[in-house]
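Heads up: the structure comes next, in structure tokens.
The values are calculated or read from the model by the stated rules, or taken from the named source; none is laboratory data. As the structure is a computational prediction, the values presented were derived from the model and not from experiment. FYI the Cβ positions are ideal-geometry reconstructions off the backbone, even for glycines, and counts take in every protein chain you see.
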Amino acid sequence: VDLSTTIAGVKLPNLLLNASGVNCRFENELQQLVESKSGSLITKSATLNSREGNPEPRYAPLAGSIGSINSMGLPNQGYEYYLNYAKNFDYNNTAGKPLFISLAGLSLAENKTMCEAFRDANLPCVLEVNFSCPNVPGKPQVGYDMEAMEQALQVLDPIIGRPFGIKLPPYFDIAHFDQAAAIFNKFDNVVFVTCINSVGNGLAIDLDSETALIKPKDGFGGLGGLLVLPTALANVNAFYRRLKPGKQVIGCGGVTSGKEVFLHILAGASAVEIGTQLMEEGTGVFERVQKELVELMTAKGYKSVEEFRGKVKTL
Ligand SMILES: C=Cc1c(C(=O)O)[nH]c(=O)[nH]c1=O
């Protein structure tokens, strides 16, 4: 069974990778991903300067393993750390894993500077511009401001000057799918979108203590895990149906097993990211989920993901 895929011109030996933000802030964590059975890896979203992020507790699993809530606040080592990591990355590593770099500047000027630095370094890594961090107090998500998002792309697209992707928040209105897709279809270098980032500003409360699970923002944080699966599948399929041929969707959200990877592919995903389940289970999740996916495909008689990608049936 062939699970390989090609995104932005780079080949992933299998279509699984981490969701940016999980197990990818520090070099040692990234090395764990390189040594895991993932098909690739993506770094924690970077800002111009390093950040400690929000006060803890800022991540919590939800009762009944239905998902997670986080308000990390963009803790990261600053973009030069990840630029340096990319410069020293062994692109011919034995596993043949490509490297994705996530950038989440706090302003267009920050994103401009970071994109210029990566352009000048001219490395084989693939950029994913994160327009959807829900947890920086006072910074509304660019992904929910269509005009700002288009203006940002008008500046960043020519600077990046090669295929790149965008990390999107979940949309919940068909008109927003239409508007966002129409914007991305204007930029030839935008070759993939990653759907979805966490479902912003949920509130998880502990029944016994009657207290919010996390400290930042009065307990408000992004939701991930199984509970966001239908929203993730909808966003994957909405953009799969709307983006011009040649543009791809990376699925993210709700993956706990081979089953949800299969559903993401059925919805149209060309690669699939794992966040909450990676956080809870560790990097062994990639081997387990891959095995489950192969078993499921074999049971269904599929030999490659192309046979069923985007083929979700409607009634
Ligand atoms: C980049 C910041 C993000 C964060 C964060 O660092 O709080 N959490 C998310 O669920 N998604 C993000 O995009």
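Within region 92-103, take every residue that is without any contact (Cβ under 8 Å) to a residue 60 or more places away in the chain and either of a type in the set (Asp, Glu) or assigned to a loop (DSSP other than H, G, I, E, B) (or both) and give me the one that is surrounded by the most Cβ atoms within 10 Å (Cβ to Cβ).
Of region 92-103, the ones without any contact (Cβ under 8 Å) to a residue 60 or more places away in the chain are 92-94, 99, 101, 103.
This time we only want the ones that are either of a type in the set (Asp, Glu) or assigned to a loop (DSSP other than H, G, I, E, B) (or both), so: 92-94.
On the way: ASN92: 7, ASN93: 12, THR94: 8.
For region 92-103, the residue satisfying everything is ASN93.
Based on what the data block shows, is GLY64 farther than 28 Å from PRO13 by Cβ and more than 16 Å from the chain's Cα centre (by Cα)?
Numbers: farther than 28 Å from PRO13 by Cβ: yes; more than 16 Å from the chain's Cα centre (by Cα): yes.
For GLY64, the condition - farther than 28 Å from PRO13 by Cβ and more than 16 Å from the chain's Cα centre (by Cα) - is met.
Kindly list the number of the only condition in (1) exposed (fewer than 15 other Cβ atoms within 10 Å of the Cβ); (2) in contact (Cβ under 8 Å) with a residue 24 or more places away in the chain; (3) basic (Lys, Arg); (4) outside any helix (DSSP H, G or I) that fails for LYS313.
The one condition LYS313 does not meet is (2).
Tell me, please, whether a residue that is outside any helix (DSSP H, G or I), of a type in the set (D, E, K, R) and more than 16 Å from the ligand (Cβ to nearest atom) can be found in region 223-243. Working first, answer last.
Initially, region 223-243 is screened for residues outside any helix (DSSP H, G or I), giving 223-225, 243.
Subset that is of a type in the set (D, E, K, R): none.
Checking region 223-243: not a single residue is outside any helix (DSSP H, G or I), of a type in the set (D, E, K, R) and more than 16 Å from the ligand (Cβ to nearest atom).
Among the listed residues LEU266, LEU293, identify the single one that is surrounded by 17 or more Cβ atoms within 10 Å (Cβ to Cβ), under 25 Å from THR231 (Cβ atoms), without any contact (Cβ under 8 Å) to a residue 60 or more places away in the chain and not aromatic (Phe, Trp, Tyr). Can you show your working first?
On the way: LEU293 fails: without any contact (Cβ under 8 Å) to a residue 60 or more places away in the chain.
When all the criteria are applied, what remains is LEU266.
State whether one or more residues within region 148-156 are in contact (Cβ under 8 Å) with a residue 24 or more places away in the chain, away from the ligand (no atom under 16 Å from the Cβ), buried (at least 19 other Cβ atoms within 10 Å of the Cβ) and in a helix (DSSP H, G or I).
Yes, some residue in region 148-156 is in contact (Cβ under 8 Å) with a residue 24 or more places away in the chain, away from the ligand (no atom under 16 Å from the Cβ), buried (at least 19 other Cβ atoms within 10 Å of the Cβ) and in a helix (DSSP H, G or I).
For PHE131, are the conditions met, namely being among the hydrophobic types (A, V, I, L, M, F, W, C) and touching a Ser or Thr at 6+ places or on another chain (Cβ under 9 Å)? Can you show your working first?
Numbers: among the hydrophobic types (A, V, I, L, M, F, W, C): yes; touching a Ser or Thr at 6+ places or on another chain (Cβ under 9 Å): no.
Considered against the rule, which asks whether it is among the hydrophobic types (A, V, I, L, M, F, W, C) and touching a Ser or Thr at 6+ places or on another chain (Cβ under 9 Å), PHE131 comes out as no.
May I ask you to list the residues in region 70-92 that are more than 12 Å from THR47 (Cα to Cα) and either in contact with a helix residue (DSSP H, G or I) (Cβ under 6 Å, 6 or more places away or on another chain) or away from the ligand (no atom under 15 Å from the Cβ) (or both)?
As a first pass, look at region 70-92 and keep what is more than 12 Å from THR47 (Cα to Cα): 70-72, 84-92.
Within region 70-92, SER71, ASN84, TYR85, ALA86, LYS87, ASN88, PHE89, ASP90, TYR91, ASN92 qualify.
Looking at VAL22, VAL10, VAL34 in this structure, which one is under 16 Å from the mean Cα position of the chain (by Cα), at pLDDT 95 or above and not polar (S, T, N, Q)?
Details: VAL10 fails: under 16 Å from the mean Cα position of the chain (by Cα); VAL34 fails: under 16 Å from the mean Cα position of the chain (by Cα).
One residue alone meets the criteria, VAL22.
Can you tell me how many residues within region 157-174 are part of a loop (DSSP other than H, G, I, E, B), closer than 17 Å to LEU243 by Cβ and touching a helix residue (DSSP H, G or I) at 6+ places or on another chain (Cβ under 7 Å)? Outline the logic, then answer.
Taking region 157-174 as the starting set, the residues that turn out to be part of a loop (DSSP other than H, G, I, E, B) are 161-163, 169-173.
In the following step, the residues that additionally are closer than 17 Å to LEU243 by Cβ were identified as 163, 169-171.
Checking the rest, the ones that are also touching a helix residue (DSSP H, G or I) at 6+ places or on another chain (Cβ under 7 Å) come to 169-171.
Residues flagged as part of a loop (DSSP other than H, G, I, E, B), closer than 17 Å to LEU243 by Cβ and touching a helix residue (DSSP H, G or I) at 6+ places or on another chain (Cβ under 7 Å) within region 157-174 amount to 3.
Going by the structure shown, is ASN111 within 26 Å of HIS264 (Cα to Cα) and modelled with pLDDT of 95 or more?
On the way: within 26 Å of HIS264 (Cα to Cα): no; modelled with pLDDT of 95 or more: yes.
For ASN111, the condition - within 26 Å of HIS264 (Cα to Cα) and modelled with pLDDT of 95 or more - is not met.
Which count do you get for residues in region 39-69 that are within 14 Å of the ligand (Cβ to nearest atom), among the small types (Gly, Ala, Ser) and crowded, with 24+ Cβ neighbours inside 10 Å?
Result for region 39-69: 4.
Within region 118-138, take every residue that is over 19 Å from ALA8 (Cα atoms) and more than 10 Å from the ligand (Cβ to nearest atom) and give me the one that is surrounded by the fewest Cβ atoms within 10 Å (Cβ to Cβ). Can you show your working first?
The first filter runs over region 118-138 and keeps only residues over 19 Å from ALA8 (Cα atoms), leaving 132-138.
Pick out the ones that are also more than 10 Å from the ligand (Cβ to nearest atom) and you get 137-138.
Working: PRO137: 10, GLY138: 5.
The residue in question is GLY138.
Report, by residue number, each residue of region 61-90 that is outside any loop (DSSP other than H, G, I, E, B) and over 20 Å from SER107 (Cβ atoms). Can you show your working first?
First, the residues of region 61-90 that are outside any loop (DSSP other than H, G, I, E, B): 61, 63-65, 68-70, 76, 79-88.
Answer for region 61-90, where residues must be outside any loop (DSSP other than H, G, I, E, B) and over 20 Å from SER107 (Cβ atoms): PRO61, ALA63, GLY64, SER65, SER68, ILE69, ASN70, ASN84, TYR85, ALA86, LYS87, ASN88.
Only residues that are crowded, with 22+ Cβ neighbours inside 10 Å and not polar (S, T, N, Q): list them for region 181-198, please. Please lay out each step first, then the result.
From region 181-198, those crowded, with 22+ Cβ neighbours inside 10 Å are 184, 190, 192-198; that's our starting set.
Passing the criteria: PHE184, VAL190, PHE192, VAL193, CYS195, ILE196.
Looking only at residues that are of a type in the set (S, T, N, Q) and either within 20 Å of the chain's Cα centre (by Cα) or outside any helix (DSSP H, G or I) (or both) in region 257-310, which one is nearest to SER20 (Cα to Cα)? Even if it seems obvious, please write down each step before you answer.
So the first thing to find is which residues in region 257-310 are of a type in the set (S, T, N, Q), and the list is 257, 270, 276-277, 283, 290, 298, 304.
Cutting the leftovers down to either within 20 Å of the chain's Cα centre (by Cα) or outside any helix (DSSP H, G or I) (or both) gives us 257, 270, 276-277, 283, 290, 304.
Working: SER257: 18, SER270: 17, THR276: 11, GLN277: 13, THR283: 14, GLN290: 19, SER304: 26 Å.
Among residues in region 257-310 that are of a type in the set (S, T, N, Q) and either within 20 Å of the chain's Cα centre (by Cα) or outside any helix (DSSP H, G or I) (or both), the one nearest to SER20 (Cα to Cα) is THR276.
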